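Structure first, commentary second.
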Amino acid sequence: THARIADAVIGAPDVAKQLAATVDHGRVLQAGAPATVEQGPVSVAAARLLDVQNIHEAAFEPVDGVPNLHWGPYRLACQKPARALNPGRMVSWCISPGQIVLHDTDPSRAESDNSVDCIVDDIVFLGEDAQVYLRPELLSDERLVMKVSRHLLQRNRLAVGDSVRASLLASAIQPLPE
């Protein structure tokens, strides 16, 4: 596989711009379009190489045929297929910081799937964006990293120590094979 990737990169620079790969010790873990690779790591090793910040473990518990992850006291629905697992088996999962959504102060506009009450531990400004470090109130040893715009932070007057509700979008929760 990596010989074909190398041929594509060397022989066609325009193809190289449309190709991304995670490689560990010379072994290709994942290859594809850059957005696909970045947003959907295929394994824990690939996610770590991509510097995915939100990697967690949960028990796999399907409910009425829908994949669910039991993360401490939270039951998280996920739309991406989880490989064939026995109920109760632990599985790693990840979510992109940009796919964790701060509930709007106007309840009529709030996202509602996979709500998690959190405390803001830290805010790091990165140009016009910020990374917000959240501690789920019922999982004090876990952390979530959320990416938001500076404008959203200012509009909601978000500060360290605040209690917030965040949604972990079901469409973005990615179960990961080991």
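The values are calculated or read from the model by the stated rules, or taken from the named source; none is laboratory data. None of the values given here were measured: they were computed from a predicted structure. Note that each Cβ is placed from the backbone with ideal geometry, even for glycine, and that neighbours are counted across all protein chains shown. Heads up: the accessible areas ignore ligands, DNA and RNA and are worked out on the full protein's heavy atoms, side chains in. Shrake-Rupley method; radii C 1.70, N 1.55, O 1.52, S 1.80 Å.
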Handout entry: Residue that is modelled with the highest pLDDT [pool: residues in region 41-71 that are in a loop (DSSP other than H, G, I, E, B) and open to solvent by less than 40 Å² (accessible area, probe 1.4 Å)]
Key = Asn54
Exercise for the section: Identify, from the list Leu152, Leu176, the residue that is modelled with pLDDT under 90, surrounded by 14 or more Cβ atoms within 10 Å (Cβ to Cβ) and within 19 Å of Ala47 (Cβ to Cβ). Expected result: Leu176
Practice task
Scan region 139-149 for residues that are part of a loop (DSSP other than H, G, I, E, B) and either modelled with pLDDT under 95 or open to solvent by less than 50 Å² (accessible area, probe 1.4 Å) (or both) and report the count.
Solution key: 3
Exercise for the section: Among residues belonging to region 123-138 that are of a type outside the set (A, V, I, L, M, F, W, C) and open to solvent by less than 70 Å² (accessible area, probe 1.4 Å), point out the one that is farthest from Pro73 (Cα to Cα). Expected result: Gly127
Fill in the blank from the handout: Scanning region 144-168 for residues that are out of contact with any His (no Cβ under 9 Å at 6 or more places or on another chain) and among the small types (Gly, Ala, Ser), the one nearest to Gln79 (Cα to Cα) turns out to be Ser149
Completion exercise
Restricted to region 29-40 and to residues being surrounded by 16 or more Cβ atoms within 10 Å (Cβ to Cβ) and farther than 18 Å from Pro97 by Cα, the residue modelled with the highest pLDDT is Ala31
Problem - Residue in region 150-173 that is among the β-branched types (Val, Ile, Thr), outside any strand (DSSP E or B) and more than 13 Å from Gln99 (Cβ to Cβ) present - result: yes
